[in-house]
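Engineer: First the structure, then my questions, so here it is.
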Amino acid sequence: MIVQPAAERLHLRRGPFRIWRSYPGRHVSDDTGLGPIGAVDYAELLPGLLVPMHEHRDDEIVSYLREGEMTHVDSAGRREVISAQRLMVMNAGAGFSHEESIPADGAPVRMLQIFLRPYKASLPPGVQFAPLEPRVSDGRWRLVAGPEGVGAPAWVRSDVLVLDAALGAGVALDVPAREGHGWWLYVMRGGARVGEHRLSAGDSLACVAGDAAGIEGVEAAALVLFMYARSARFTDRGSLSGRRG
């Protein structure tokens, strides 16, 4: 298991938004991604934000909000509000454009924007919206997104399961072993312990071998877990999920 400290994230700050970008392959491989997991941004977005229309290609993008609301407008003519109760997945494929905004009288947004690598480049583009319960599931894993057919609220064209869980202090939860899979754990809030490793907000842990592990909350923690097939086919040509050195 390899810990990736929060301090190693790339910090981007532009006006009303701040992003801390994690590259899951750091210290693990010669690629910034970890198989089909390209990059994960933790973002804090302030009221009055407008990110003008811009294009993504060959990214499967999961917009996972835990606080606040954001308005999405896209090149397909859709206008939708996304929140902790409403998940968005953009299957960018051959090219998909969107803009994001928060009204001046809105609340700050705290979210993960997850960039996964599709199994093939130049797939048909599209976007999905799916309801989520307002709370992260307490003491158990909840499936947020995954390949078609696994029963997730929204699907991605990547061999990755995205799960979340909340742990109180002293509450334990297992990461199960899954044959042929590795996993990557991100602490979005609070703190947790995995074996000898103490993780705080923004820290992550990679387990390429996919061994089972126990997690214990050190303080109230919000966790996001990525389980990926080690043999997964993927393209590394994505606008943001692609290989970076």
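Engineer: Note down the net charge around SER22, summing +1 for each Lys or Arg and -1 for each Asp or Glu among other residues with Cβ under 13 Å from its Cβ.
Structural biologist: With Lys, Arg at +1 and Asp, Glu at -1, the net is +1.
Engineer: Also, quick follow-up: Write out the GluC sites (Glu not before Pro) in the stretch 76-156 meeting two conditions: DSSP loop, and at most 10 other Cβ atoms within 10 Å of their Cβ.
Structural biologist: GLU148
Engineer: With a ≥ b ≥ c the root eigenvalues of the C-alpha gyration tensor of the stretch 1-88, is it rounded (a/c under 1.5), prolate (a/b larger than b/c) or oblate?
Structural biologist: prolate
Engineer: How about the stretch 128-198: which trypsin sites (Lys or Arg not before Pro) there lie in a loop by DSSP and see at most 16 other Cβ atoms within 10 Å?
Structural biologist: ARG135, ARG140, ARG178
Engineer: Oh, and also: How large is Rg over Rh for the chain, taking Rg from the Cα atoms and Rh as the Kirkwood inverse mean of 1/r across Cα pairs?
Structural biologist: 0.94
Engineer: Defining a contact as two alpha carbons under 8 Å apart and six or more residues distant in sequence, what relative contact order in percent does the stretch 115-245 show?
Structural biologist: 29 percent
Engineer: Give a quick list of GluC sites (Glu not before Pro) in the stretch 167-245 that DSSP marks as loop, anything other than H, G, I, E or B, with at most 15 other Cβ atoms within 10 Å.
Structural biologist: GLU179, GLU196
Engineer: Follow-up question, since we're still on this one. Once you've got the GNM for the chain with C-alpha springs shorter than 10 Å, pick whichever of PRO36, PRO52, PRO153 has the biggest mean-square fluctuation.
Structural biologist: Of PRO36, PRO52, PRO153, the Gaussian network model singles out PRO52 as fluctuating most.
Engineer: Determine ³J(HN,Hα), in whole Hz, for all residues of the stretch 215-220 in sequence, where each value follows from phi through the Karplus function 6.51 cos²θ - 1.76 cosθ + 1.60 and θ = phi - 60°; x replaces Gly and Pro.
Structural biologist: Taking θ as phi minus 60°, the curve returns 10, 10, x, 8, 9, 3 Hz for the stretch 215-220.
Readers should treat all values here as calculations from the given coordinates under stated rules, not as data from a laboratory. Values in this document were obtained by computation on a predicted structure and should not be read as measured data. Positions of Cβ are generated from backbone atoms using ideal geometry, with glycine treated the same way; all protein chains shown enter the neighbour counts.
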